[in-house]
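The values are calculated or read from the model by the stated rules, or taken from the named source; none is laboratory data. Source: prediction; values computed, not measured. With ideal geometry, Cβ positions are generated from the backbone for all residues, glycine too; neighbour counts draw on all protein chains shown.
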Amino acid sequence: MAVLKTMRDSARNKMDTVLLGAMIGLVVLGALCIMSAVNSLSFSNAIVRTHLVALPMGLCAFAIGWSFNYQIYNEQWKWVYGVILALLVGVLLFGSYQRGSRSWFVLPFFSMQPSEICRICTLLVVAAFLDRRGRAIYDTSTLFWLCVLLAPVFGLIMMQPDFSSVVVTLPAIAVLLYCAGANLFYLGLGALLAATAGFFTLGWTYLYLHPELTEQGVGRVFYLLAHNGWYIAGFCVFVGMLGWAAWWFCKQLRIFLPTLYFILATLAVLAGLAGGIFVENHMKPHQRKRVETFLAPRSDPQGAGYNVLQAQIAMGSGGVLGKGLFSGTQSRLGFVPEKHTDFILAVAGEELGLWGMLLVLGLYLTILWRTVWVAYQSSDRYGYLVCAGIFGMFFTYMLVNFGMLLGIVPVAGIPLPFISYGGSNLVSSLWALGVVQSVYARRIGV
Amino acid sequence: MAAIKTLFNGRLRYLFTAALIVGGIVALRLLDIQVLRHNSYVELAERNRTQILYQTAPRGRILTADGVALASNVPSFSLYYLGSSQQEKEYLQRVAADIAPHTPLTPGQVLAKLEESGKTGKATVLVENLSTRSTVALQELQQYYPGIYLLEESKRDYPYGPAASHLIGYLGSMDEREWKKRDPRQGYRLTSKIGKNGIERKFEEQLKGKDGGVYLEVDYRGRVKRIIQDKKWAAGSDVYLTLNFAVQQAAQEALKNSKTGRGAAVALDPRTGAVLALASAPAYDPNVFVPYADQEVPSSAKRINEYNLAIQGIYPPASTFKIITGAAALEEGNIDVHRKITCTGAYDSGPRVFKCWGTHGPVDFFDGMSNSCDVYFYAVAAAMGPAPIERMQRKFMFGRPTEIDLPGEKAGNMYGPTRRARNKTYWFVGDTLNLSIGQGELLVTPIKLAQFAAALASRGNVYRPYYVDKIVSNQTGKEQQVGETKILQHASLKPSTYDTLYQALKHTVDDGTARRVKIKGLDVYAKTGTAQNPHGADHGWLLAFAGREGEEPSIALAVFVEFGEGGSSAAGPVARAMLEAYFGSLQPSVSRLEE
């Protein structure tokens, strides 16, 4: 008995059971939802089979992540970085072209999407880099070298292109930087840049929806900013003068801020404009549709707004208790689009009801909670950063998926780990949790 | 180590707090969607998954007081194709070839629809609104070819065609404005036909039933999965009119066969003010607006004449107005009804000589009335002046609409010296004379004269005529009384005035211009009139009321024949047909009175 007790205690010491429980709960819920969602499809057997094969593989990945000492990724970060580049270059060379992007390896028995693994690997590499920079985190050069490090990775991803990887990874890296103690001003700059670019993109799309506004007044000026060189130049001068004026006022008011800050802020706004113009001119029609749908979801219920509307109808008609597994009319009859991948939550909402949705949300928050909890117990800074990165990633997944369904964020086509169908995503997500468990197993005081 | 940690100690915690806040917002929004707005989303989900093959419910019938349906329903059929497992071109061609002869479509058109339906899997309507003629064969084919589906619906039908068509109105498709006005709860569809005029329009809500339908479960592309339920329709409520079918039919027929085929006839019950018949010629056949699909209607038939002469035609009342002049003289003129005035064929008013339509010799009041002698009434009017005539017009509400519940009724025109005074022009003796025989600026509608006839027959009750009796629900059997007797005004004259008038009008029938409406066994009181028409042939009038011998009058009518020339010759036969129909229909055992 005493032996058993010791074994149990040591197992408890090595693995966080709460995190494990939340993970298993989500995986089981996910399997049920997928089976129910694809029940009516002609290729349902193939999907369920693939998912059931991916599950043990994911558990293996979890075991590997847990049993390996996470510090290996820190020591061998160049190798990890090399693997990322190799996978991304490989998929561009040998990958198969499906649904408008070259992001799949088709192997004899299964297919895999390397960018899913690369998301986690990228976080590990960035964590390692930030750990090495240590106290120099405040330096501008850190940011510069980080950009140099990430440029090839994102460049390769955009060549596929894989939009959703970028959407998930960038916020996770921002979280990493924040948690690593980066200068808030630089994070603020990044946010300013993103906000400016987003503002211009949304604004111009809004003008697309209301062409009459471009006839005169503010709308006309705003419209020309995207299409007329003189207006762009004028805007640049205007922003520059604004920056100079701010600097001058600060000087007069005896508020001493580095001059560099004003220059960078001005440049960030201009870069945002440039980014906005780039997006405006290179946005594909279906991407523009998504932005339009976000701005005016009810404008075209049969077209682009259809998906979100149908997903909401599915959830709303589910009520508190849901219609029961395999009984949702919205999903069974195909009104919910992409029901086993992007919109799986709508199926859960329809068939399991409010309780099912709250359960999924609760389990996700539990995973986030335990990841934070583990982070603060890690024996070194690297473990902390790895946990922070993984936290950032899952937070983003949760935010985008729930937000999309509730009409808070635009439809991005990002799956929900553990719940959505997708072997590569399941395997890499389970591996990520394995890494968190590894940090826990090697915490302070063990 | 610890020093490093303190540097960023709080940051991950802040982020987790942010995650909790996000979770809270999501939970609240979920509560909103899944609990608060649950019901509306359930409705949307149901609407998503059901396709309804509607079955138009029977509209309520429109019946006369004696129970004859002027508007009823006949079955019509819609042919659907719900898709089938067999999709070979050869098979579909065979189906199309077999179906097409029973529809107005060609085999090619049917095949195209079948193929379209096969491709999308949607339930498609092949033909709507087929008559029973086609459906016997199609019903057999339905057994033979799975996927063919015949659905019974209901279609409006007017068995007697133009009978009272101006009262009943007709059906038509909704235009955009009308569609927007509809309450969605009433279950209107874009293809629903609604009442466009008359009773069909006025009682649209009551007449319309609740459509039934076959509810199909469909997927997001409209492909049929299964039949959920088959909902039976509910017929609309029946509307009972006060019309007497025989009288209405007789009036309609007689007007059609009259000299010009143009005119109006209105009959009222002088005891209640209920309309017994309201016919206007030319009439239209409302059936042309609800044809079967396999029935051809020439487009010229749809250009109908909605002009309702009975309430919208205004003409001088001519000699029928002599009753007013006579009543005024009896009431206020202190005339001796037996004093004779010699008619030489003309009356010299001084500035002008007024002609009579004949030379009647010495005539008293009764002869004057029965022969419609103009000179007699010229003399009476000249002696009494125009004021009593105008007062008498006001008593019987001339120049005011009868207020029958029909759109577009004309008021006509009252004529007298006060009118002239208001217009600040002069009143001449000649005007008095013109007025006395119902010419001049005086104008009335046929229904106005019918109301006047009913007022005479009831000794002074000027009724507001009504033609809808009650509405009876087919679902609950509940009756709703709609029409009721309403007396607008009581023309109180001396009883002796009425007696004398009755005597004179009886004399007109027995031995005067209205001999054509003399019927054995009945007391008929009548007055004819011929309205001078400077633009063409004169118009014929006849005003009458009648009852069984010795009983009080039970029908009052006015007949007008446009360009009919003579009041007696044109309007007489119509009135006679109506009276015979009325008293024949009241007691069929009584044999036809006098040929």
*Applying the selection to segment B:290-323, what residues are surrounded by fewer than 24 Cβ atoms within 10 Å (Cβ to Cβ) and under 15 Å from the mean Cα position of the chain (by Cα)?*
B:304, B:305, B:306, B:307, B:312
*asked:* Of everything in segment A:369-383, what is at the interface with chain B (Cβ under 8 Å from one of its Cβ atoms) and surrounded by fewer than 24 Cβ atoms within 10 Å (Cβ to Cβ)? Give them in sequence order.
replied: A:369, A:372, A:376, A:380, A:381
*Of all residues in segment B:228-240, which are assigned to a loop (DSSP other than H, G, I, E, B) and touching a helix residue (DSSP H, G or I) at 6+ places or on another chain (Cβ under 8 Å)?*
B:236, B:237
*asked:* Please determine whether any residue of segment B:255-274 is within 14 Å of chain A (Cβ to nearest Cβ) and either closer than 30 Å to residue B:583 by Cβ or touching a strand residue (DSSP E or B) at 6+ places or on another chain (Cβ under 8 Å) (or both).
replied: no
*Got a number for residues in segment B:201-230 being away from every other protein chain (no Cβ under 14 Å) and either touching an Asp or Glu at 6+ places or on another chain (Cβ under 6 Å) or within 17 Å of residue B:471 (Cα to Cα) (or both)?*
11
*Restricting attention to segment B:49-82, and to residues there that are out of contact with any helix residue (DSSP H, G or I) (no Cβ under 7 Å at 6 or more places or on another chain) and within 14 Å of chain A (Cβ to nearest Cβ), which single residue is farthest from residue B:217 (Cα to Cα)?*
B:51
*From A:157, A:137, A:173, which residue is under 26 Å from residue A:72 (Cα atoms), of a type in the set (Val, Ile, Thr) and at pLDDT 90 or above?*
A:173
*For residues that are out of contact with any Leu (no Cβ under 9 Å at 6 or more places or on another chain), in contact (Cβ under 8 Å) with a residue 40 or more places away in the chain and of a type in the set (D, E, K, R), tally how many sit in segment B:224-269.*
2
*Determine, yes or no, whether residue B:527 is surrounded by fewer than 18 Cβ atoms within 10 Å (Cβ to Cβ) and outside any helix (DSSP H, G or I).*
no
_Could you tell me how many of the residues in segment B:219-272 are surrounded by fewer than 22 Cβ atoms within 10 Å (Cβ to Cβ) and farther than 30 Å from residue B:558 by Cβ?_
17
*Looking at B:506, B:448, which is the one that is buried (at least 23 other Cβ atoms within 10 Å of the Cβ) and basic (Lys, Arg)?*
B:448
*asked:* Tell me yes or no: at least one residue of segment B:113-128 is exposed (fewer than 14 other Cβ atoms within 10 Å of the Cβ), under 39 Å from the mean Cα position of the chain (by Cα) and over 13 Å from residue B:95 (Cβ atoms).
replied: no
*Can you name the helices (runs of 4 or more DSSP H) wholly within segment A:9-99 that have at least 3 residues being in contact with a helix residue (DSSP H, G or I) (Cβ under 8 Å, 6 or more places away or on another chain) and buried (at least 20 other Cβ atoms within 10 Å of the Cβ)?*
A:17-38, A:44-67, A:77-94
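Per-residue answers, yes or no, for (1) in contact with a strand residue (DSSP E or B) (Cβ under 7 Å, 6 or more places away or on another chain); (2) more than 10 Å from chain B (Cβ to nearest Cβ); (3) at pLDDT below 95; (4) on the phi > 0 side of the Ramachandran plot:
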residue	(1), (2), (3), (4)
A:322	no, no, yes, yes
A:325	no, yes, yes, no
A:329	no, no, yes, no
A:365	no, no, no, no
A:394	no, no, no, no
*Looking for whichever is β-branched (Val, Ile, Thr), surrounded by fewer than 22 Cβ atoms within 10 Å (Cβ to Cβ), at pLDDT 90 or above and in a helix (DSSP H, G or I) here; the options are A:166, A:148, A:125. Which one fits?*
A:148
_Quick check on residue B:253: is it part of a loop (DSSP other than H, G, I, E, B) and acidic (Asp, Glu)?_
no
_Can you say whether residue B:160 is farther than 25 Å from residue B:474 by Cα, touching a helix residue (DSSP H, G or I) at 6+ places or on another chain (Cβ under 8 Å) and surrounded by 17 or more Cβ atoms within 10 Å (Cβ to Cβ), as far as the supplied structure shows?_
no
*Would you pick out the residues in segment A:118-170 that are among the small types (Gly, Ala, Ser) and more than 14 Å from chain B (Cβ to nearest Cβ)?*
A:128, A:141, A:151, A:155, A:164, A:165
*Evaluate the following for residue B:29: is it more than 7 Å from chain A (Cβ to nearest Cβ) and either under 26 Å from residue B:220 (Cβ atoms) or touching a helix residue (DSSP H, G or I) at 6+ places or on another chain (Cβ under 8 Å) (or both)?*
no
_I need every pair where a residue in segment B:570-583 that is without any contact (Cβ under 8 Å) to a residue 60 or more places away in the chain has its Cβ under 8 Å from the Cβ of a residue that is β-branched (Val, Ile, Thr) and part of a helix (DSSP H, G or I), sequence separation at least 6 or different chains._
B:572/B:517
*asked:* Name the single residue that is farthest from residue A:422 (Cα to Cα) among those in segment A:331-352 being at the interface with chain B (Cβ under 7 Å from one of its Cβ atoms) and surrounded by fewer than 24 Cβ atoms within 10 Å (Cβ to Cβ).
replied: A:333
*Counting only residues that are outside any loop (DSSP other than H, G, I, E, B) and under 15 Å from the mean Cα position of the chain (by Cα), which one in segment A:401-423 is surrounded by the fewest Cβ atoms within 10 Å (Cβ to Cβ)?*
A:403
*Give the residues of segment B:437-454 that are among the polar types (S, T, N, Q) and at pLDDT 90 or above, sorted by residue number.*
B:445, B:451
*Just need a number here: residues in segment A:353-366 that are farther than 19 Å from residue A:317 by Cβ and surrounded by 24 or more Cβ atoms within 10 Å (Cβ to Cβ).*
1
*Among the numbered criteria (1) more than 30 Å from residue A:34 (Cβ to Cβ); (2) β-branched (Val, Ile, Thr); (3) at pLDDT below 85, which single criterion is violated by residue A:266?*
(3)
*asked:* All but one of (1) touching a helix residue (DSSP H, G or I) at 6+ places or on another chain (Cβ under 8 Å); (2) at pLDDT 90 or above; (3) of a type in the set (Val, Ile, Thr) hold for residue B:272; state the number of the condition that does not hold.
replied: (1)
*Within segment A:407-425, which residues are of a type in the set (A, V, I, L, M, F, W, C), within 12 Å of chain B (Cβ to nearest Cβ) and touching a residue at least 12 places away in the same chain (Cβ under 8 Å)?*
A:409
